[in-house]
Structures are given as structure tokens and as C-alpha cells.
1. Given 20 °C and 1.002 mPa s, compute D for the range 420-467 with the Stokes-Einstein relation, Rh being the Kirkwood radius over Cα pairs; round to the nearest whole µm²/s.
2. Quick one: if the Förster radius is 51 Å, what FRET efficiency do Asp467 and Ile348 give, using the C-beta to C-beta distance and rounding to 0.05?
3. Is the range 136-195 best put as rounded, prolate or oblate by its Cα gyration tensor, with a ≥ b ≥ c the root eigenvalues, rounded for a/c under 1.5, and otherwise prolate when a/b is larger than b/c, oblate when not?
4. Looking at the square roots a ≥ b ≥ c of the eigenvalues of the Cα gyration tensor of the range 127-269, which shape do they give, rounded for a/c under 1.5, prolate if a/b is larger than b/c, or oblate?
5. How high is the FRET efficiency between Ala110 and Phe340 when r is their beta carbon distance and R₀ equals 60 Å, given to the nearest 0.05?
6. Filter the GluC sites (Glu not before Pro) in the range 84-156 to those in DSSP coil with at most 13 other Cβ atoms within 10 Å of their Cβ, and list the result.
7. Show Leu359, Leu649 ordered by accessible area, largest first, where the area counts protein heavy atoms only and the probe is 1.4 Å.
8. Just to verify a number: what accessible area does Asp816 come out at with the full protein assembly present, 1.4 Å probe, Å² rounded to tens?
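The values are calculated or read from the model by the stated rules, or taken from the named source; none is laboratory data. Note that the coordinates shown come from a computational prediction; the quantities given were computed from them, not determined experimentally. We place every Cβ from the backbone using ideal geometry, glycine too, and count neighbours over all the protein chains shown. All accessible areas refer to the heavy atoms of the entire protein, side chains included, with ligands and DNA or RNA removed. Shrake-Rupley method; radii C 1.70, N 1.55, O 1.52, S 1.80 Å.
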Amino acid sequence: MDDSSGSVQPELMGAVASSSQPQTAPGSSSLGLQHWLHVARAPLATALGYFLAAKLGEWLAFPSAPVSALWAPNAILLAALLLTPREHWWRHLLAIVPVHLLAQLPESPASQVVIQYVVNSAEAVIGAYAMQRWTPYPRRCDRVRTAVALILFGGLVAPAVTSFAMVLAFQAVGLRGDFWLTVLVRTITNTFAVVTIVPLIVHSAQHLASGRAQVSLVRISEAAALAVALTCVSVFVFVVPTTGSLHTPALLYTPLPFLAWAAIRFGVTGACASALLVGAVSTWGILHGRGPFSDHDPVANALSIVAFHVVIAITFVMLAALLDEWRLATRAVTKSEARFRNIFEHNIIPTVIWRGKSLIAEANEAFLRLTGFSRSDIAQGKVRIDQLVDLRHGESFSAAPPGGLADFSIAEKELQLADGRRVPVIVGDLRFEQETGGILYALDLSAFRSAEASRRRIEGLHAAVLDSLQDQIAVLDNRGIVIEVNDSWRRVRASGDHPLRRERVLAGQSYLDVCAAAAERGEDGARDRLEALRAVLDGSEIRAHFECASIAEQEPQWTEISIERLRRPEGGAVITCTDVTARKRAELEARTQRQQLTHLGRAAVLGQLSGAFAHELNQPLTSILGNAEAALRLIDGGNGSFTDLRDILRDIIEEDVRAGQVIQRLRALLGKGDIVRRPVDLNAIVRAVLELSRTELISRNVRVTTELDPKLPLVMADRVQMQQITLNLLMNACEAMGEQPPGERRVVIGTRFFPADAAVELTVRDHGSGIPGKDLERIFQPFVTTKSHGMGLGLAICRSVAESHRGRLWAENASDGGAVFHLRVPVEGGLP
């Protein structure tokens with residue numbers, strides 16, 4: 001009799017024993033104990049199964065023969081190893097040591113017990129290793145390859161090899177027996193157990209681990225009916241017939257239909273369970289001297305019944321594995337067809353399957369939407385491939401290419417729709433292997449063609465807009481290479497009298513290189529343009545602006561250059577060159593006219609002061625004349641001393657200087673010299689104007705009070721124009737008080753610095769009747785005046801001069817009467 005060990009261990013137990021071990025917290029004895037119990041659970045189950053299977057084998061042994069009808073320990077151990085990672089096999093092999101000794105001692109010698117343990121363990125390890133080596137994961141016995149490996153390695157090779165080794169070991173230690181009978185008995189008994197028990201354990205463990213433990217009531221009822229029927233038949237075959245005509249080997253075929261029922265309906269699990277059930281009933285019968293093998297020798301009876309069950313088990317397990325794999329393949333094909341159908345129907349690319357004679361067999365929804373045909377048109381064979389696709393522009397689809405599936409062509413064709421229209425499509429033709437027909441894909445190009453036409457229209461419009469602009473425009477990429485230029489750029493760059501005639505750069509050339517070459521030649525502004533262009537290209541600047549001038553045909557020409565960042569992700573720049581010669585000439589002409597008008601304004605003001613100026617000149621001239629006559633009288637009388645003559649000459653010189661100063665002021669105000677901006681003290685301007693108009697103020701009975709800021713900063717301005725504004729505002733204040741009593745004719749002139757605005761302000765306040773609110777702005781318009789004899793140009797000229805200095809001139813009424821004029825000029829000044 002054989003002795004082995006095994007364990008009933010579900011896949012979940014194997015996973016727990018291998019990799020799902022709980023982590024224990026340091027210092028926690030309860031968690032540590034739980035961890036070790038968790039780890040030892042599977043090996044303990046293996047040991048328990050081993051012990052019970054060994055005792056069952058001893059109980060099923062034939063009374064007159066050392067043969068057990070069912071020796072399950074080795075099969076249980078093999079199943080446990082298959083469900084356990086290889087690195088944890090030692091746990092199960094170690095766990096069965098005590099139960100093996102307990103089951104065999106003291107009935108068997110110690111040497112026999114040790115040999116049986118080693119041999120049984122080796123049998124399980126060989127079978128498990130071979131199956132893990134040659135079968136794919138998961139190792140389910142409902143696959144033909146796995147079933148063959150189980151029968152060949154686990155059921156035949158491993159038992160035979162280990163049985164042969166065991167007999168040799170027995171003889172080596174002095175245990176004698178029938179050599180080949182022992183090998184044969186141990187091999188076939190282990191084969192039956194492995195073929196029937198291992199699949200049951202493995203499949204049950206995998207089923208429990210998958211979580212699909214629920215079974216339908218119909219399935220349970222069918223299994224119960226099969227078990228009852230098979231039990232009844234087995235009892236009739238192996239228990240009831242003892243003698244007489246009923247005792248015939250033909251009865252052994254009776255359980256076969258039920259075994260086939262189990263294999264077909266319940267697969268490998270059903271076949272194994274049914275074989276075990278038949279084996280259990282037949283074993284009971286043979287142990288009680290009944291059944292078709294009861295008339296032979298006990299050993300022959302045992303071997304016959306075990307061999308019979310081995311043949312039945314192998315046959316129906318292979319049948320069940322083949323059927324299960326066929327079912328799996330069928331389900332896979334069904335799922336594959338369903339997936340294909342789902343992909344085919346929901347594919348956004350119009351697709352059709354066509355067969356012989358160019359008839360369309362199937363078409364997806366995208367194709368029907370594109371063409372406008374219905375499924376009834378397809379089903380009735382009204383639609384043909386050669387009618388839809390213009391075959392004149394490509395080869396016919398009706399001839400199968402040689403070599404099977406070797407031709408997949410893509411071409412642009414026209415597809416005819418149900419309403420007769422034709423649309424451009426890209427057709428992909430895939431032929432079936434060795435069969436007339438194929439699959440046709442049609443990608444609608446209508447939207448692409450429309451988008452292409454829109455793109456071309458936009459590009460044409462873009463080019464037309466660029467060529468219609470008078471400015472010269474060039475578009476650069478982020479490397480400074482010219483991408484595109486407009487017609488004005490090409491035309492102007494080709495002319496010989498343009499300021500930028502040397503920068504003849506067109507599309508494909510580097511504008512950076514052209515600017516660098518111009519900078520090396522020392523051209524005006526070329527280096528600044530080069531640096532600005534680089535700054536715009538690298539993103540550090542958004543825009544740059546330049547002006548350049550040249551002399552062509554004795555007349556100056558001006559060009560305004562603007563460099564803007566090209567607003568696209570990859571960057572670039574847009575260069576715009578504008579001819580501003582006309583504008584520059586107009587500005588120069590306007591500046592000249594403004595200077596002339598300003599001069600006329602000064603002349604008009606000085607004309608009003610002509611009497612005062614005559615009086616200012618008459619005083620020093622009269623003094624000079626009187627001193628000269630006095631000197632002559634002293635000389636003629638002969639009583640004059642050199643001291644008296646020196647005093648007289650000194651007075652003459654002083655009066656002459658005084659007259660010269662008056663003339664110099666008049667010449668400065670009346671002159672047409674160029675505007676010269678230099679640091680000017682507004683306080684000095686006020687004093688000079690008061691000195692110049694002193695006689696006029698006296699004649700008008702006007703008293704002037706000054707409130708000058710002693711810390712007033714200098715401003716960049718033209719001295720004469722600042723005097724003109726101050727004198728004009730002073731004279732307007734005097735005229736505004738013409739109707740006031742002489743004692744109330746007072747003017748206040750003040751200066752003040754505004755640090756927040758960096759500006760200096762000059763104020764002239766009179767005590768007249770003020771300005772009507774509606775005229776506070778109108779009085780600065782040309783030819784608007786409140787005087788009966790004025791032209792209305794004085795204040796307009798003053799505001800123009802103030803604005804040319806980036807300043808501001810405005811008026812307001814004082815709260816206690818009169819008007820206040822404000823002139824505010826920035827400290828740094830400005831250009832006109």
C-alpha cells in the first residue's frame with residue numbers, strides 16, 4: 001500500500017500564504033500571533049487533508065490485497081503545490097511531516113516511513129514543477145494542454161518514476177516484496193487520484209477565489225439529478241449483480257452515458273466528481289465481495305477495478321477538457337464577432353462588405369448616412385460597388401487579386417450618392433483571402449475640400465490685402481528669415497532713390513544679415529534697427545519704431561519703420577515701412593507758419609507798446625542831449641573842470657546803455673530767429689517783461705504785484721516765446737481792467753513749482769470783470785476776441801506756443817472777480 005501526503009488548499013489560501021500576509025505592528029503581540037496563524041493556515045489545511053486522505057486510503061484497502069482503491073494524499077499535496085507559489089512549497093512539505101509519521105507509525109518501520117515521505121513529496125514536486133513549467137497561467141484543467149500535462153506528468157510520469165525509486169529504496173534497506181507489482185499498484189492508484197481529485201481541488205479553489213460562489217437553482221437541480229441517477233446505476237452495476245446471468249462485464253458500459261452527461265454539462269469538474277462517485281460505489285462493492293470483478297483473485301480484482309476507473313477518468317476528463325476548450329473558443333469567437341459587429345456598426349468611417357458580383361453584403365450606419373441608402377436597399381441587392389465608385393478612375397473591385405490577402409489599395413475616387421450626386425472620397429479596398437469580395441472604406445473629403453477652398457480664399461485675400469497696402473510690409477520668422485513681402489515692398493526695394501535702397505531683401509533671405517551688413521557699413525540707425533529687431537524676435541520687446549531720412553534729388557525723404565511681434569506661437573516679426581515725406585514736409589511748413597504767426601503776434605503786441613517804447617527811448621536820448629549841451633557850455637566858458645566833464649560823460653554812457661537795452665529787447669521780440677531751447681528762469685522772464693512794459697503800465701495806471709517762487713527750477717524753453725506769452729497775458733490783463741477805476745487796476749503775477757507733476761506754473765491775474773463761462777475756451781480759438789479793435793490771434797498763438805513746449809495754457813475766473821490765466825510747462829520741456 002502506498003502512503004503519501006497532500007492538502008486541500010484553495011487558491012485564495014495559496015495567495016494568502018504567499019503574498020497577502022498581513023503586516024504586524026512593532027510591539028503588538030496579538031497582531032504577531034494573528035500573522036503567524038494566517039501564514040500557517042494553508043499548511044495546516046494541507047496537513048489535515050493529508051492525514052484524512054491517508055486514513056481513508058487505509059480504510060479502502062482490500063482485505064486480502066495490499067492495495068487501496070483510492071489513495072488521495074499525493075493528489076492533495078500536488079493540488080496544494082499547484083495553488084501555491086514555488087517559494088512557499090517548503091511550508092506544505094514541512095507541515096505534512098508530523099501527520100505522515102502519525103499515520104504510518106507504529107504499523108510500519110521507520111525506514112519505510114521516511115522513504116515513503118521522500119517519495120511522496122518528490123512525486124508532488126515533480127508533477128507541480130512540470131505543470132508550472134509547461135502549462136500557461138491560470139492552470140485550469142479544462143484546457144486540453146493542461147489536462148494532458150496533468151495526466152502525463154502528474155498522473156503517469158511522476159507516480160511511475162517515484163514508485164520505481166521507492167521500490168529500489170525498499171530493497172536497499174532490506175524491505176522485500178514483488179518489485180513490479182508494487183510499482184504497478186502504486187502508479188495506477190496515484191494516477192486515478194491525481195486525475196480525479198486535483199482538478200476538483202484546483203477548480204473549486206479558483207471558483208471560490210473569483211467570488212462567483214452563487215449557482216443557479218436549475219444547475220443545482222440538474223447536478224442532484226445526475227448524482228442520483230449515476231449512484232443508482234453504479235449500485236446496479238457494482239453492488240447488485242453477484243452471480244448468474246446479470247454478472248457480465250457488459251454492465252460496465254452502463255455508467256458511461258451518465259459520465260458523458262456529466263462531462264458535457266458540467267465540464268472537467270463534473271467528469272472528475274462523477275468518476276469519483278463511480279469509484280466510491282465500486283470500491284464499496286468490491287470490498288464487500290460484489291460486482292463484476294468479485295470472482296477473481298483479490299489482487300487482480302483490485303487492479304482491475306482501479307485500472308477500469310483510471311481509463312474512465314482519463315477518457316472523460318479529456319473529453320470534458322476538449323468540450324470546455326471548444327466552448328471557450330466558441331464564446332471567444334462569439335465575443336469577437338460581437339466586438340467586430342459593434343466596431344463595424346459604430347465606426348465613424350463609412351464601411352461596406354461586398355461579395356461576389358460586386359454586391360454589398362453589409363454596410364454600417366456611417367456609410368448609409370453618407371450615401372443616403374437604406375438597409376432595405378442593401379438587403380434587396382439594389383446597391384453594387386461598381387455603381388457607387390467611378391471605376392473609370394481606378395481598377396475594378398470585382399476581380400480577386402492573386403495571392404489571397406495581399407492587396408490593400410488606397411485611392412482618391414468619387415462616390416455616387418443615392419440622389420445621384422458625387423462626392424470626393426478616399427477609398428481603401430481590402431480583399432478577402434482566396435475569396436471574391438472584400439471590405440471597402442470610404443472617407444468623405446467634402447469637408448476637407450471645402451476647408452481647402454476656404455484656406456485658398458483666405459490666403460488669396462491675405463495676399464490681396466498685403467499687395468493693396470501702400471506701406472511696405474515684410475513678415476519674418478523667428479530666425480529673421482523673410483517669409484513674405486507685399487508688392488509695395490518689392491517695388492520700392494527695386495527703386496534706386498529709396499532711403500532703404502540697400503536693404504533689397506526678399507522672401508527667403510535673412511533680414512538680420514542685411515541689417516548686420518548695413519551696421520558694419522556704418523549706415524545711420526542700422527545698428528539700432530538691428531538690436532530692436534533682435535529684441536522683438538527673442539520676445540524681450542513687443543514693438544519698436546524708427547525714422548530715417550535721406551537726400552534724393554536734392555530733396556529730403558523720410559521713412560518710418562515699425563517692427564511688431566508676429567502674434568503666433570512660434571514667434572516672428574512684421575516690419576512696416578511707411579513713406580512719411582509728405583507728412584514731414586507738412587509739419588515743417590506748419591512749424592514755419594506758426595513761427596511767422598508767432599512773430600506777427602509779437603509785432604502786434606509791440607505795436608500796442610510803441611508809445612511806451614518811444615517814451616523809454618526818449619528819456620535816455622533827452623538826458624544824453626542835455627548832458628552833451630552842458631559839457632559844451634563848460635568847455636566854451638572855460639571854467640569846467642575835468643571832474644565835471646568826466647561825470648557828464650559817465651551819465652551819457654549810462655543813458656546810452658539804457659537806450660541800447662531797450663533797443664535790444666525790441667530786436668529780440670521783433671526778430672524771426674530760430675527757436676532756441678535752453679534752460680530758462682521764468683522769474684527772470686517776468687522781471688524782464690515788467691521792465692519792458694514799465695512805461696505802459698504807468699500810463700495805464702496799472703499796479704503789478706509779483707509772487708515769485710524763489711526756488712523755481714529752470715525749464716527748457718525758448719526765452720523770446722516765453723516773454724511773448726507773459727507780455728501778451730500782461731497786456732490782456734491791463735485791457736481787461738480798462739473800465740475799472742485807476743486805483744483798482746491791479747495785476748498779480750506769480751510762479752510756482754509742482755513737484756508731483758514736475759512742472760512750473762506761471763499765473764497772471766487781473767481784477768477786471770472776468771470772462772463769461774461760455775467763452776473760457778472760445779477765447780483761445782483763432783479770430784475770437786472780446787476787444788473792439790483786436791483780431792483774436794493773441795491767445796491762440798500763446799496756446800500754440802505753450803503746446804509746442806508740451807505745456808498747457810488755460811483760463812478761469814477768480815472767486816472774488818477778475819480772470820486768472822495759467823501757463824504750466826514741464827521742467828524738462830519738450831519738442832514741438
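1. Numbers: Rh = 13.8 Å.
The estimated diffusion coefficient comes to 156 µm²/s.
2. Working: r = 42 Å, r/R0 = 0.82.
Efficiency, rounded to the nearest 0.05: 0.75.
3. prolate
4. Values: a/c = 2.76, a/b = 1.17, b/c = 2.35.
Oblate is the answer for the range 127-269, as a/c is 1.5 or above yet b/c matches or exceeds a/b.
5. Numbers: r = 66 Å, r/R0 = 1.11.
Calculated transfer efficiency: 0.35.
6. Those satisfying the criteria are Glu107.
7. Leu649, Leu359
8. Surface accessible to solvent at Asp816 totals approximately 110 Å².
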